[in-house]
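K.L.:
The following block contains the structure, expressed as structure tokens.
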Amino acid sequence: MASTYRPAKFWMGVRRSMKQAKNRVLHIITGLNNGGAEAVLHNLCSIDNTNLHTVISLMDGGKYGPLLERAGVEVYHLNIPQGRITLGGLIKLWRLLRQCKPDVVQTWMYHADLIGGVLARVALVRNVCWGIHHGSLEFGNTRRSTILIARICAWLSQWVPRRIICCATKAAEIHQALGYVPEKFVVIPNGYNLKQFWPDADARQCLRNKWGVAFGMPLLGMVGRFHPTKDYSNLIIALGTLKQGGLDFRCVLVGNGLDEDNIELMGWLKIHNVRDRVILLGSRSDIPAVMSALDVHILSSLGEAFPNVLAEAMACGTPCISTDVGDAALIVGDTGWLVPPQNPNALSCAIDTALTAWLQKPNWKERRFASRSRIMEYFSIEKMIDSYKTVWMSSA
């Protein structure tokens with residue numbers, strides 16, 4: 001288990017081992033639970049071997065703490081309770097900053113931008129880069145405390161960060177309108193490990209057999225936690241319309257809260273008469289296999305920044321239908337279909353169009369190839385890592 005603090009003697013040894021590294025990069029992130037930013041941090045630190053990476057989580061080790069340690073990355077968690085700031089946690093962070101003496105401090109998400117960024121500057125770290133991975137800031141869909149911290153960061157952006165790295169163009173525009181300094185922004189799209197996400201025919205057949213999906217049955221799916229932003233009601237209404245129109249299909253829902261214990265979700269499935277068409281799988285760790293099993297991946301969200309699930313599905317050769325949110329259009333390009341958010345009629349029409357195209361097997365094979373090729377060309381993990389390194393070096 002990761003410790004929360006190491007003494008100065010330990011860090012002297014670490015600093016000696018750092019001398020050969022091009023940059024000593026200290027990442028400060030709000031938490032390491034399952035999420036898009038956390039996954040990007042894990043991929044970045046695990047694959048980039050040209051810099052020495054250390055990660056500090058303001059909260060606990062979560063899902064990605066052990067995975068980072070397994071990849072040889074030093075991880076520290078301060079165990080600060082969610083939504084609070086503790087004096088003990090701040091003191092530990094301060095000491096780690098002073099002892100580590102990083103060349104770059106890269107923060108991830110608002111709370112870490114604020115706490116980690118300010119303390120890093122007080123600790124005389126000149127090269128501080130903020131990270132923004134939030135697509136929209138709307139009352140009702142975003143916590144008031146999160147919006148408040150984002151506004152404070154907007155004011156502090158004049159002094160604290162040298163660069164502000166944002167994963168999506170539309171998200172950058174939203175934050176600049178909020179008051180963040182526009183000149184400091186650099187957009188770096190998320191990158192994906194194409195050795196992990198690839199079309200796996202064996203996994204596809206295995207999972208479809210396990211789920212009882214007959215040969216020739218179109219299989220739709222959506223991967224993402226149950227949250228208002230994901231707008232699962234939009235998807236369920238669209239599926240109900242398709243069933244009412246006589247279309248036969250199956251749809252798997254994968255993510256935290258997508259199980260039979262979810263009373264609200266079960267109510268929607270009953271109201272729209274699609275319980276027999278929807279397979280609830282809850283949280284899973286085999287997402288590349290799930291993506292390979294699908295014929296079409298659907299994203300029904302009303303707000304996103306850079307929706308990772310689209311790129312992950314496409315990397316597995318699965319075409320996508322998405323609401324036009326965040327940088328979804330940039331990811332999908334001409335390989336899939338975009339619809340307005342919160343419009344189940346448009347979503348059902350897009351699904352119907354996609355499944356009609358799916359029947360044309362030679363053309364569908366070309367679409368699957370184009371989907372993966374687009375991710376390979378524009379959103380590889382190597383391209384993302386090179387972009388981060390360029391920003392860190394130019395900010396030094």
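The values are calculated or read from the model by the stated rules, or taken from the named source; none is laboratory data. All values derive from a computational prediction rather than experimental measurement. Backbone-built Cβ (ideal geometry, glycine too); neighbour counts: all protein chains shown. For accessibility, only protein heavy atoms count, side chains too; no ligands or nucleic acids. Shrake-Rupley method; radii C 1.70, N 1.55, O 1.52, S 1.80 Å.
K.L.:
Condition (residue is within 17 Å of S322 (Cβ to Cβ) and either of a type outside the set (K, R) or surrounded by 19 or more Cβ atoms within 10 Å (Cβ to Cβ) (or both)) applied to the stretch 179-188: is it met by at least one residue?
P.N.:
No.
K.L.:
Of the numbered conditions (1) polar (S, T, N, Q); (2) more than 27 Å from A328 (Cα to Cα); (3) within 21 Å of the chain's Cα centre (by Cα), T229 fails exactly one; give the number of that condition.
P.N.:
The number of the failed condition is (2).
K.L.:
Based on what the data block shows, is D261 among the charged types (D, E, K, R), open to solvent by 10 Å² or more (accessible area, probe 1.4 Å) and either in contact with a Leu (Cβ under 8 Å, 6 or more places away or on another chain) or without any contact (Cβ under 8 Å) to a residue 24 or more places away in the chain (or both)?
P.N.:
In short, yes.
K.L.:
Name the single residue that is most open to solvent (accessible area, probe 1.4 Å) among those in the stretch 266-294 being of a type in the set (K, R) and out of contact with any strand residue (DSSP E or B) (no Cβ under 9 Å at 6 or more places or on another chain).
P.N.:
K270
K.L.:
State which residue pairs qualify: first residue at negative phi and inside the stretch 177-205, second residue in a loop (DSSP other than H, G, I, E, B) and of a type in the set (S, T, N, Q) in any location, beta carbons under 6 Å apart, and separation of 6 or more residues or different chains.
P.N.:
What qualifies is Y180/S157; V181/S157; V181/Q158.
K.L.:
Additional query: As an exercise: evaluate R84 against (1) over 27 Å from P288 (Cβ atoms); (2) modelled with pLDDT of 90 or more; (3) of a type in the set (D, E, K, R) and give the number of the one condition it does not meet.
P.N.:
Here R84 meets the rest and fails (2).
K.L.:
Name the residue that is most open to solvent (accessible area, probe 1.4 Å), counting only residues in the stretch 222-246 that are on the phi < 0 side of the Ramachandran plot and either of a type in the set (D, E, K, R) or part of a loop (DSSP other than H, G, I, E, B) (or both).
P.N.:
R225
K.L.:
A further question follows. In this structure, does Q196 turn out to be loosely packed, with under 15 Cβ neighbours inside 10 Å and in contact with a helix residue (DSSP H, G or I) (Cβ under 8 Å, 6 or more places away or on another chain)?
P.N.:
It is true that Q196 is loosely packed, with under 15 Cβ neighbours inside 10 Å and in contact with a helix residue (DSSP H, G or I) (Cβ under 8 Å, 6 or more places away or on another chain).
K.L.:
Same structure, new question: Filter the stretch 332-351 down to the residues that are hydrophobic (A, V, I, L, M, F, W, C) and open to solvent by less than 30 Å² (accessible area, probe 1.4 Å) and list them by number.
P.N.:
Once the filter is applied, which keeps residues that are hydrophobic (A, V, I, L, M, F, W, C) and open to solvent by less than 30 Å² (accessible area, probe 1.4 Å), the stretch 332-351 yields V332, V339, A346, L347, A350, I351.
K.L.:
Just checking, does the stretch 99-113 include any residue being open to solvent by 50 Å² or more (accessible area, probe 1.4 Å) and free of Cβ contacts under 8 Å to residues at least 40 places away in the same chain?
P.N.:
no
K.L.:
Determine whether D48 is at pLDDT below 95, within 17 Å of V25 (Cβ to Cβ) and surrounded by 15 or more Cβ atoms within 10 Å (Cβ to Cβ).
P.N.:
yes
K.L.:
A further question on this structure: Out of the residues in the stretch 377-396 meeting the condition of being of a type in the set (A, V, I, L, M) and more than 18 Å from the chain's Cα centre (by Cα), tell me which one is surrounded by the fewest Cβ atoms within 10 Å (Cβ to Cβ).
P.N.:
Result: A396.
K.L.:
From the list A354, A370, A315, A329, which residue is without any contact (Cβ under 8 Å) to a residue 24 or more places away in the chain and either open to solvent by less than 70 Å² (accessible area, probe 1.4 Å) or over 21 Å from V186 (Cα atoms) (or both)?
P.N.:
Result: A329 is the single residue among A354, A370, A315, A329 that is without any contact (Cβ under 8 Å) to a residue 24 or more places away in the chain and either open to solvent by less than 70 Å² (accessible area, probe 1.4 Å) or over 21 Å from V186 (Cα atoms) (or both).
K.L.:
Checking T146 against (1) modelled with pLDDT under 95; (2) in contact with a helix residue (DSSP H, G or I) (Cβ under 7 Å, 6 or more places away or on another chain); (3) in a loop (DSSP other than H, G, I, E, B), which test does it fail?
P.N.:
The single condition T146 does not satisfy is (3).
K.L.:
So which residues in the stretch 48-96 are β-branched (V, I, T) and under 24 Å from the mean Cα position of the chain (by Cα), if there are any at all?
P.N.:
Passing the criteria: T50, T54, V55, I56, V73, V75, I80.
K.L.:
Sort through L58, L32, L44, L90 and tell me the only one that's out of contact with any strand residue (DSSP E or B) (no Cβ under 8 Å at 6 or more places or on another chain) and closer than 30 Å to L148 by Cβ.
P.N.:
L90
K.L.:
Which of the residues belonging to the stretch 26-84 are within 23 Å of V391 (Cα to Cα), among the small types (G, A, S) and free of Cβ contacts under 8 Å to residues at least 40 places away in the same chain?
P.N.:
S46, S57
K.L.:
Can you find a residue that is open to solvent by 10 Å² or more (accessible area, probe 1.4 Å) and either assigned to a helix (DSSP H, G or I) or closer than 30 Å to S46 by Cα (or both) anywhere in the stretch 211-219?
P.N.:
yes
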